[in-house]
Amino acid sequence: IQEDGKAVDIPIKQGEIFAKTEPMEMNIPPLLKFLEDGHYIYMITSRNIPGAELESRKATWKWIAKYLELPWSGIIIHHNKALLPLFSFVDDSIPNLENLQENGIIPVCYNQPWNKDWDGLRCDNLWEYYEIVTELLKDQK
């Protein structure tokens, strides 16, 4: 992906990027475990891709409906991930993680090649994120 978004503009408008990407199966069980433990699960995703805002949002909703049939507490498409008073949030974007931290939400970085400079909590998958949150909640008691 180029910074100006031009490299992905046409595939997004055609729905190719979202239609061809399936969720990682290993990430579904920890989401279910969070729910089983009584946690609320929100998906907050940003789809503000210049020139393809509407197309990318439509494709995102179709993708969620097709692959992620979970009892979500809410699904929000917005650029500000710190909209809700959450305990913790996992994301792969350093600016998002910084915003979360500034708003009193514990950020956990989902490891990706582009976020190696993040100097905070990190995970490689949602099971690791589940373990981090569980430990943080134990420490609060």
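The values are calculated or read from the model by the stated rules, or taken from the named source; none is laboratory data. What you are looking at is a predicted structure, and each value in this text was computed from that prediction instead of being measured. Because the Cβ atoms are built from the backbone with ideal geometry, glycine has one as well, and the counts that use them run over all protein chains shown. Quick note on the areas: whole protein, heavy atoms, side chains included, nothing else; ligands and nucleic acids left out. Shrake-Rupley method; radii C 1.70, N 1.55, O 1.52, S 1.80 Å.
Checking the stated criteria, Leu84 turns out to be under 24 Å from Asp119 (Cα atoms) and in a loop (DSSP other than H, G, I, E, B). Within the span defined as the stretch 55-73, every residue fails to be within 18 Å of Asn27 (Cβ to Cβ), part of a strand (DSSP E or B) and not basic (Lys, Arg). Considering only residues in the stretch 87-104 that are part of a loop (DSSP other than H, G, I, E, B) and not charged (D, E, K, R), the one that is least open to solvent (accessible area, probe 1.4 Å) turns out to be Ser93.
Checked against (1) without any contact (Cβ under 8 Å) to a residue 40 or more places away in the chain; (2) open to solvent by less than 70 Å² (accessible area, probe 1.4 Å); (3) assigned to a loop (DSSP other than H, G, I, E, B); (4) under 17 Å from Leu137 (Cβ atoms), Leu35 passes all but a single condition, namely (3).
If only one of Pro11, Pro71, Pro30, Pro107 is modelled with pLDDT under 75 and either open to solvent by less than 50 Å² (accessible area, probe 1.4 Å) or touching a helix residue (DSSP H, G or I) at 6+ places or on another chain (Cβ under 8 Å) (or both), which one is it? From the options Pro11, Pro71, Pro30, Pro107, the qualifying one is Pro11.
Residue pairs whose Cβ atoms lie under 6 Å apart, sitting 6 or more positions apart in sequence or on different chains, and linking a residue in the stretch 65-76 that is in contact (Cβ under 8 Å) with a residue 12 or more places away in the chain to a partner that is of a type outside the set (Val, Ile, Thr) and open to solvent by 50 Å² or more (accessible area, probe 1.4 Å), are Ser73/Tyr40; Ser73/Tyr42; Gly74/Tyr42.
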